[in-house]
Every structure is written in structure tokens, then in C-alpha cells.
């Protein structure tokens, strides 16, 4: 009888906990698809059909420019993994990885430049009113990002004032 009573009490607690949890968690909103986001973007800017066609052409041109760069970055990252698995001397490995990382950094810079150029080209097809709305959208996006990603404190380095690194035990004098 005690076992039955304790089992019922446990079940009641679990049900009560689940009900309380369901009340406190907000409903999950579905993640919009790329197509839905594109439509919302076009609606908010109130793009004409002609502008939509030009924007699509700009986007396609940008994708074609980015494709070889993305492929090269992927190849460099695969090469880094191969170097890490190789039986090369550690120093040579580190030097080669540093070279590859610099090449990746240069390729990413090219990619940023292409994106910036495409963005500027897209902005050229917009009216003043649409540019103002785009600026608002960018500001809202930045605010949303900062809300979800708080700023980190600046890195002071290991030798920064106030940073106390514990001394190894062999450096402490024996009393």
C-alpha cells in the first residue's frame, strides 16, 4: 500500500512539474524559410518587379564570383587538416598551417570585398525612401544581434595589470 501511495504521489509531482514548466516556457515560433525571409525583405522595401529582377541578377553575379573563393577556402582548410595528420616535424607543421591560415584570411578579405561591392550595387537600384528603410532594417538587425550577443570585455593580454598568474610550486620558497 505504501508503494502504491508513493508511486501516485511521485506521478502527481511529475504532472504538476510538467504543467508548471509548460506555463512558464513561451511558445516556440517556427524559423522562417529563406523564401519567406526574401518575400518579407522585398515587401518591406516595396521593391518593384524591375528592381526584383535586377536584384536577382546582382545576387546571381555575386554567387558566381564567390564560388571559386569558397572552394579555395574549403581546400585550404582541408589541407590544414591533412598537415595536422601528417608526420611532418612540429615546427614545419606550424609554419605550413600559419601560411595556410594567412591564405584563408586573404581569401576571406576578397569575399568581404565582393559582398560589399554587391551590396553597394544593390543599393544603387533603390530609391531614397527604400534606402532609408534599408538603413532602418540594418539598424534593427544590429540591435537584435547586440541583444543576443553581448559585447565581450576587451582582451587585456596575459601581462595586463591586475592579472595575477599563480607561481609554480617550485618557485615558492620553502619555510
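The values are calculated or read from the model by the stated rules, or taken from the named source; none is laboratory data. Keep in mind that this is a model prediction, so the values were computed, not measured. Positions of Cβ are generated from backbone atoms using ideal geometry, with glycine treated the same way; all protein chains shown enter the neighbour counts.
If you take the residues of region 136-175 that are over 21 Å from the mean Cα position of the chain (by Cα) and in a helix (DSSP H, G or I), which of them is modelled with the lowest pLDDT? Among residues in region 136-175 that are over 21 Å from the mean Cα position of the chain (by Cα) and in a helix (DSSP H, G or I), the one modelled with the lowest pLDDT is 171. Contact annotation: residue pairs with Cβ atoms under 6 Å, 6 or more positions apart or on different chains, pairing a residue in region 86-103 that is free of Cβ contacts under 8 Å to residues at least 12 places away in the same chain with a partner that is surrounded by 12 or more Cβ atoms within 10 Å (Cβ to Cβ), are 93/83. Scanning region 114-135 for residues that are outside any helix (DSSP H, G or I) and either without any contact (Cβ under 8 Å) to a residue 60 or more places away in the chain or touching a strand residue (DSSP E or B) at 6+ places or on another chain (Cβ under 9 Å) (or both) returns a single hit, 127.
Out of curiosity, is residue 84 loosely packed, with under 14 Cβ neighbours inside 10 Å, in contact with a helix residue (DSSP H, G or I) (Cβ under 9 Å, 6 or more places away or on another chain) and in a helix (DSSP H, G or I)? Criteria met by residue 84. Only one of the listed residues (54, 76, 38) is surrounded by 14 or more Cβ atoms within 10 Å (Cβ to Cβ), under 30 Å from residue 136 (Cβ atoms) and in contact (Cβ under 8 Å) with a residue 24 or more places away in the chain. That residue is 54.
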